[in-house]
Amino acid sequence: MAAKPEDVGLSSTQLKRLEAVTQKHVDDGLVPGAVMLVARRGKVAWVSTLGKRDPAASPDPMKADSIFRIYSMTKPIVSVAVMQMVEEGRLQVGDPVSKFLPEIGKMKVAQEKVGADGTHSLLLSDAERPMTVQDLLRHTSGLIYGGRGSSLVNQAYVAAKIGDRSMSNQELVTRLSTLPLRFSPGARWEYGVSTDVLGRLVEVIDGKSLGESLSERVFKPLGMVDTQFQVPAAKVARAAQPGPRPGGQPMTPRFKVDDGAKYESGGGGLTSTMADYLRFAAMLANGGELNGKRLIGKQTLAFMTADHTGARPGRPPGLGFGLGFEVRTMTGEAALPGSVGEYGWAGNAGTLFWVDPKNELTAIYMVQVSDPDRVALRNQFRTMVQAAIMD
């Protein structure tokens, strides 16, 4: 811990302003509770814990060790496990996915046609090239999220219940392979179930469940004692819970942390704490190593945190995508302040982290909020943290 934020070049005044803004969100009912952290130059400079862990239980204050559904902040962890396998010589980034998951190689590309009578139909054709592991890592695979659009392919995902928690990872890939691709692999960037497919790929190569692989490869070496797909009974009372939104609007439904689901979603199934995710982020910030234990090579990490999308359509201006992370490519263009080379990702319930190598800064935002609110809240946190950097 730094004695005070100024010791590592951060403004206490600005961080107090961020805390006050977040407290108002808590008071207004927009945010049930929050755990926020900023670290710089290898030291934790600021931690703030506000609100309630569970708004339905009173009194039940949020605590620093509360367990959050981190949703898509699972993706960077799975991506690191995949790249560990690359370092072990068990696969290559350029390998076709069908080498490990043959059914994926049978998927056709859909083109939506509108007939003279106004009806929509799908014309299926072969992909221009095979889907690669790199496509999965950077979301250029042609796989999508069904709920993020209204095309016939999106509708097919919803009808097939892709992402249903009753499916195993194997069952997910089997069902997914019967659906069409939204576009030919490599053509553009579109967020989707690519990392869930990587989760199954890890299982096939390692010969064990994704949870077991991640535990051995990432959680145990880093001392991440509270990160898992299912929260054990003894820890359920620490799980952060969503609450009703202001105006009587219902909160977006969130999965039950101890529902016993077969699905170990590589794209969004983990639960974790601020301290655990800080260990993962600190390992990244330290070039792939933490406390003398190296998880991944420095050059491998540099490769992962480079932009792999280039001029492909689909990404916001100034923000590319690497192998498991969003990557900042320009200081300007993006509607958020930031430094070239910073990288990170966010989770569906509002969680966020990023690592800024240039400024030696790591920030983590842990909340469980509703879909309409999460982006604005994350962007506000990010913008206000950037404003705290003094040198």
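Laid out as a table, the results:
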| quantity | calculated |
| --- | --- |
| Residue among G310, G268 that alone is crowded, with 18+ Cβ neighbours inside 10 Å, touching a strand residue (DSSP E or B) at 6+ places or on another chain (Cβ under 9 Å) and within 29 Å of T132 (Cα to Cα) | G268 |
| All positions within segment 106-122 that are surrounded by 10 or more Cβ atoms within 10 Å (Cβ to Cβ) and either in a strand (DSSP E or B) or touching a Pro at 6+ places or on another chain (Cβ under 6 Å) (or both) | K108, V109, A110, Q111, E112, K113, H120, S121, L122 |
| Pairs with Cβ under 6 Å, 6+ apart, first in segment 103-122 and β-branched (V, I, T), second at pLDDT below 95 and assigned to a loop (DSSP other than H, G, I, E, B) | none |
| Enumeration of residues in segment 151-185 that are surrounded by fewer than 20 Cβ atoms within 10 Å (Cβ to Cβ) and assigned to a helix (DSSP H, G or I) | L152, N154, Q155, A156, V158, A159, Q170, E171, T174, R175 |
| Subset of segment 32-50 [touching a Phe, Trp or Tyr at 6+ places or on another chain (Cβ under 8 Å) and either assigned to a loop (DSSP other than H, G, I, E, B) or not β-branched (V, I, T) (or both)] | A34, M36, L37 |
| Flag for V204 being surrounded by fewer than 18 Cβ atoms within 10 Å (Cβ to Cβ), of a type in the set (V, I, T) and within 30 Å of G33 (Cα to Cα) | no |
| Enumeration of residues in segment 50-80 that are surrounded by fewer than 19 Cβ atoms within 10 Å (Cβ to Cβ) and under 23 Å from the mean Cα position of the chain (by Cα) | K63, A64, D65 |
| For G192: the one exception among (1) closer than 28 Å to Q84 by Cβ; (2) touching a helix residue (DSSP H, G or I) at 6+ places or on another chain (Cβ under 7 Å); (3) buried (at least 16 other Cβ atoms within 10 Å of the Cβ) | (2) |
| Every residue from segment 51-105 that is in a loop (DSSP other than H, G, I, E, B) and among the aliphatic types (A, V, I, L, M) | A56, A57, M62, A64, I70, L91, V93, L101 |
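The values are calculated or read from the model by the stated rules, or taken from the named source; none is laboratory data. Fair warning: this is a prediction, and the values are worked out from it, not measured in the lab. Positions of Cβ are backbone-derived with ideal geometry, glycine not excepted, and every protein chain shown enters the neighbour counts.
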